[in-house]
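Okay, so here's the structure we're looking at.
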């Protein structure tokens, strides 16, 4: 199916569902959905679920995008860490977390007599991941997937819409930096956020700071391995403000869309 056909299908979706509540992260997909809904004339309420799992820059991006589009952003705080089934960080953590957050979004959608939507796209795996299971159980619809729009196409259209998010790297929540089975706590998540922000301030992009037995394990793109000794020392010092030990993963990070 050609891109313009998919674009027409998305517009038709918002004609048929002209009142929606969007789980809004400020990332590429949800940003494009917000712009597409507005263009189609739908009444859309973007909601940012503010938790310890989201770094500050994600909320800043969400506010900026909503502001540029002239749409009121709702921010609802939640603390998944108060739920033992999430804080234990087992293999089902994402399921319980998505279920918690989207139950709040579902309730808000019901209050507004709106359809609940999320930014899952056609490039996302169609397997039975725990998070996807929770979305289905909460009744969330995924217009981008329904219309067959891939990540690459969403970036292309976002650029046409002049959205600053068009080339924003994909991002996963801070909880993914902690190995499965290691309990989550606010202090560790704050350290990871601080370390990643410090690297970002030095010019690094699309990287991860993962927790490894109390140390910071840096996953960098292959292009970022070729750095000067001065930059290497600055990176180690920056992350060293948050972790006693800083390690460089010898396997380069493979970016995922």
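For the reader, a short list of remarks on this structure follows.
- Distance between the C-alpha centres of segment 68-124 and segment 187-210: 24 Å, rounded to the whole angstrom.
- Mean sequence separation of contacting Cα pairs (under 8 Å, at least six apart), scaled by the length of segment 158-257, corresponds to a relative contact order of 28 percent.
- Ratio Rg/Rh [Cα only; Rh per Kirkwood] for segment 1-153: 0.96
- Residues 166, 225, 96, arranged from fewest to most other Cβ atoms within 10 angstrom of their Cβ, appear as 225, 166, 96.
- To the nearest ten degrees, helix 229-240 and the longest principal axis of the Cα atoms of the chain are 80 degrees apart.
- Quick note on segment 185-248: its Rg to Rh ratio, both from C-alpha atoms and Rh being the Kirkwood radius, is 0.94.
- Length gained when the stretch residue 91-residue 5 is fully extended (0.36 nm per residue, less Cα-Cα span): 27.1 nm
- A Stokes-Einstein calculation at 25 °C with viscosity 0.890 mPa s, built on the Kirkwood radius of segment 141-257 over Cα pairs, returns a diffusion coefficient of 154 µm²/s.
- Calculated SAXS-style log₁₀ I(q)/I(0) at q = 0.08, 0.15 Å⁻¹ - the chain, Debye, Cα scatterers: -0.33, -1.13
- Residue among 138, 227, 49 with the largest mean-square fluctuation in a Gaussian network model of the chain, springs linking Cα atoms under 10 Å: 227
- Degrees, to the nearest 10: 93-111 long Cα axis against longest axis of the chain: 30
- Short-range pairs are left out: with C-alpha atoms under 8 Å and at least six residues apart, the relative contact order of the chain is 18 percent.
Coordinate-derived values only; no laboratory data. All values derive from a computational prediction rather than experimental measurement. Heads up, the Cβs are rebuilt from the backbone with ideal geometry, glycines too, and the neighbour counts pull from every protein chain shown.
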